[in-house]
């Protein structure tokens, strides 16, 4: 995601039964995990620029969804 002010961040939301995937990502890149109020979901958020850069390098070439590819190219 790119804010109106030009700041980049990453958010991934998944069902609580798959939260272990977000924990794995958090252990590798940092960031924060928070449960979503009133939902059975957990949100992962990464804001730090240097860690976002590392994650982008690691996932480059693996994205297939056209909308996600457009977002990735903007970042």
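Cα convex hull of the chain: mean projected area in nm², to one decimal?
Value for the chain: 5.6 nm².
Given a Förster distance of 25 angstrom, what is the FRET efficiency for residue 15 paired with residue 64, based on the Cβ-Cβ distance and rounded to 0.05? In this case the efficiency is close to 0.75.
The calculated 222 nm mean residue ellipticity attributable to helices in the chain amounts to -12500 deg cm²/dmol, summing -39500 (n - 2.57) over DSSP H runs of n ≥ 4 and dividing by all residues. Calculated FRET efficiency, residue 37 to residue 1, Cβ-Cβ distance, R0 = 25 Å: about 0.80 to the nearest 0.05.
What number, in percent, do you get for the relative contact order of the chain if the mean sequence gap of Cα pairs under 8 Å and at least 6 apart is divided by its residue count?
Details: 78 pairs, mean separation 23.6, N = 75.
Taking the mean separation of contacting Cα pairs over the length of the chain, I get 31 percent.
What order do you get for 3-9, 43-49 when each peptide is scored by the mean count of other beta carbon atoms within 10 Å, highest first? Before the final figure, lay out the partial values.
On the way: 3-9: 9.1, 43-49: 15.6.
Final packing ranking: 43-49, 3-9.
If you line up the long axis of helix 19-29 against the longest principal axis of the chain, both from Cα atoms, how many degrees apart are they, to the nearest 10? Helix 19-29 sits at roughly 40 degrees to that axis.
All of the numbers you see were taken from the coordinates with simple rules; none came from a lab. These numbers were taken from a predicted model, which means no experiment stands behind them. No Cβ is skipped: glycine too gets one built from the backbone with ideal geometry, and neighbour counts run over all protein chains shown.
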